[in-house]
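Here the structure is laid out as structure tokens; the discussion comes afterwards.
The values are calculated or read from the model by the stated rules, or taken from the named source; none is laboratory data. Small disclaimer: the values here were computed from a predicted structure and weren't measured. When we count neighbours, we look across all protein chains shown, and the Cβ atoms used for this are built from the backbone with ideal geometry, even at glycine. Side chains included, ligands, DNA and RNA excluded: accessible areas come from the protein's heavy atoms. Shrake-Rupley method; radii C 1.70, N 1.55, O 1.52, S 1.80 Å.
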Amino acid sequence: MDLKNMNDNILTRRWKERYAGLSDEVKAKLKWLDDACDDDIRLQVIQRKRAYPAIGDIFELRTHDGLLLHGVVANHHVNNINGDDQLVIFIFKPDADVKECINSGKIEESLLIPPRIVTNAYWTRGWFYTVDHCDGLPPVDYGFYSVGKGIIVDEYGNPLPGEPRLLHAFGVATYMGVAMTITKELIIAGWKV
């Protein structure tokens with residue numbers, strides 16, 4: 001593994017460029033986030049369910065301060081080097097109508113965070129709760145960057161031919177990682193003070 005690639009890769013460059021364009025006020029709020037304790041960002045437990053989510057399942061989640069967000073399962077039963085039976089999820093902006101976004105094919109511009117690979121523990125521990133279902137998700141241009149290999153891959157670890165519009169790190173997203181990213185994006189979008 002190239003150690004230089006850990007701190008200088010497509011994801012870090014995208015973030016540095018984006019950060020440079022933020023206002024000083026937003027940067028100060030993001031500084032708060034760096035110093036925040038887990039209780040300031042953790043998701044609320046809604047209800048625990050053992051059922052394994054299906055592609056097209058629409059779920060809800062609540063931020064620590066009660067803001068209701070929705071997401072959809074884009075893929076399931078994903079097996080890769082990180083484990084088996086993982087899921088790919090999309091989480092939408094607070095004002096997005098998930099079914100309308102899916103039906104109109106406007107998923108990419110309605111997402112709060114790039115797609116994540118997660119386990120069904122989000123459901124079994126009650127952080128995500130399935131509330132609806134939608135068949136026939138339109139294609140979305142996403143992929144994952146493998147920092148260790150220095151390449152862009154799909155959720156299975158297969159190399160992609162080009163750079164997708166939506167990109168995140170290849171690996172299973174931790175509970176606090178998802179909560180932190182949601183909070184960061186809410187701050188940047190002006191939803192959170």
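Listed values, structure above:
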item: Electrostatic dipole magnitude of the range 15-116 [Cβ: Lys, Arg +1; Asp, Glu -1; Cα centre; debye, to 20]; result: 200 debye
item: Cα gyration tensor shape for the range 59-193, rounded if a/c is under 1.5, else prolate or oblate; result: rounded
item: Given charges at beta-carbon only (K, R positive; D, E negative), |dipole| of the chain in Debye; result: 280 debye
item: Surface per residue (accessible, 1.4 Å probe) for the chain, Å²; result: 52 Å²
item: Rounded accessible area of Ser23 (nearest 10 Å², 1.4 Å probe); result: 60 Å²
item: Accessible surface of the range 133-190 [probe 1.4 Å, protein heavy atoms]: carbon and sulfur percent; result: 55 percent
item: Ellipticity estimate at 222 nm from DSSP helix runs (n ≥ 4, -39,500 (n - 2.57)) divided over the chain, nearest 500; result: -7500 deg cm²/dmol
item: Heavy-atom accessible area ranking, 1.4 Å probe, most first, across Trp15, Trp123, Trp191; result: Trp191, Trp15, Trp123
item: Span from the the range 40-69 Cα centroid across to the the range 127-148 one, whole angstrom; result: 14 Å
item: Overall Cα dimensions of the range 129-173 - principal axes, largest extent first, Å; result: 37, 21, 16
item: Cys101 - accessible surface, heavy atoms, 1.4 Å probe, Å² rounded to 10; result: 10 Å²
item: Positive-pole candidate from Asn158, His133, Asn103, dipole of the range 78-170, charges at beta carbon; result: Asn158
item: Paramagnetic reach from Leu22 (point 7 Å along Cα→Cβ, amide N under 18 Å) across the range 76-103; result: 93-94
item: Amide H contacts under 5 Å for Asn82, placed H, 5+ residues apart; result: none
item: In sequence order, calculated HN-Hα J values of the range 36-50 (Karplus, 6.51, -1.76, 1.60; Hz; x Gly/Pro); result: 5, 8, 3, 5, 7, 9, 5, 6, 7, 7, 9, 6, 7, 9, 8
item: Histogram of C-alpha separations across the range 1-116, 5 Å bin width, %; result: 2, 9, 12, 16, 19, 19, 14, 7, 1
item: Mean Kyte hydropathy of 1.6 or more with a Cα span along the axis of at least 18 Å, helices from DSSP in the chain; result: none
